[in-house]
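Report on one structure; see the data block that follows.
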Amino acid sequence: MEFFSEFSLRGFLSAFVVLFAITDIPGNVPIVMSMQKKGIHISARRSFWYSLALLVFFFYAGEAFLKLFGLDIASFAIAGSLIVFLISVEMILDVSVFCESADQPTGDGTFVPVVFPLFIGAGVLTTLLSIRSQYSDINVLLAVLADSICVYLTIRLSRFLKKHLSQGTIYLLKKFFGMILLAISVKLFITNVTALIHHIE
């Protein structure tokens, strides 16, 4: 009962707003539509469960998991930024980076690259570790649940928008958010490379 007694609406909303912003739910809609257009299957239901499981796991075992492999947050964030960079290049230049392979015969992109690292990337996971020290566990976990629901709704909404938006509008949105995603990946890369250099020095 003590766990639930620490619930605070303000704390929950604050944690959720931070997670929602870094997840970039609106900006990922054109990316999802672009992948679906190429025939890559994305399950909204599994996206929810994958997102929730990944966030809850990292909430409780994130730092320990990285230390187990001798990794730090900065190195993890740099790896995620490179994958986000490739996705943005694909959107801007109309090239195929993520394609079907023998190991992925059904062309399912639900977990990789949609849930991770597109929605739940290194930035989200590192932010999750940061806000855990600022808010009670119950507030952060409820924010995690709400954020996972938003991921689910985004996948579902993309199907609706695909039917009601013109191809020209989708194309422009893809280019615009591709540039935004590129800028985010560059910022994430530079910030964490700088942190690694300072750590080495």
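Test Phe48 against the stated conditions and say whether it is modelled with pLDDT of 85 or more and under 30 Å from Gln167 (Cβ atoms). So Phe48 passes the test.
Annotation for region 148-158: at least one member residue is more than 14 Å from Leu54 (Cα to Cα), modelled with pLDDT under 85 and not basic (Lys, Arg).
From the set of residues in region 59-116 that are part of a strand (DSSP E or B) and at pLDDT below 80, which is nearest to Ser136 (Cα to Cα)? For region 59-116, the residue satisfying everything is Gln104.
Cβ-Cβ contacts under 7 Å between residues 6 or more apart (or on different chains), taken from a first residue in region 17-46 that is touching a residue at least 24 places away in the same chain (Cβ under 8 Å) to a second residue that is surrounded by fewer than 17 Cβ atoms within 10 Å (Cβ to Cβ) and of a type in the set (Gly, Ala, Ser), are listed as Gly39/Gly107; Ile40/Gly107; His41/Gly107. Among the criteria (1) buried (at least 16 other Cβ atoms within 10 Å of the Cβ); (2) in contact with a His (Cβ under 8 Å, 6 or more places away or on another chain); (3) among the charged types (D, E, K, R), the one Asp108 does not fulfil is (1). Specify the residue that is nearest to Asp108 (Cα to Cα); the eligible residues are those in region 181-190 that are surrounded by 15 or more Cβ atoms within 10 Å (Cβ to Cβ) and not small (Gly, Ala, Ser). Looking at residues that are surrounded by 15 or more Cβ atoms within 10 Å (Cβ to Cβ) and not small (Gly, Ala, Ser), I get Leu181.
For region 24-37, the count of residues that are at positive phi, surrounded by 14 or more Cβ atoms within 10 Å (Cβ to Cβ) and not β-branched (Val, Ile, Thr) is nonzero.
Within region 188-201, if we keep just the residues that are of a type outside the set (A, V, I, L, M, F, W, C) and at pLDDT 80 or above, the residue that is nearest to the chain's Cα centre (by Cα) turns out to be Thr191.
Residues in region 128-144 that are of a type outside the set (Gly, Ala, Ser) and either surrounded by fewer than 17 Cβ atoms within 10 Å (Cβ to Cβ) or in contact with a Pro (Cβ under 9 Å, 6 or more places away or on another chain) (or both): Leu129, Gln134, Asp137. Among the residues of region 159-178, the ones that are of a type in the set (D, E, K, R) and modelled with pLDDT of 80 or more come to 1 in all. Within region 161-173, one or more residues are free of Cβ contacts under 8 Å to residues at least 12 places away in the same chain, of a type in the set (D, E, K, R) and assigned to a helix (DSSP H, G or I).
The values are calculated or read from the model by the stated rules, or taken from the named source; none is laboratory data. None of these values were measured; they are calculated from a predicted model. Every residue, glycine among them, receives a Cβ derived from its backbone with ideal geometry; neighbour counts consider all protein chains shown.
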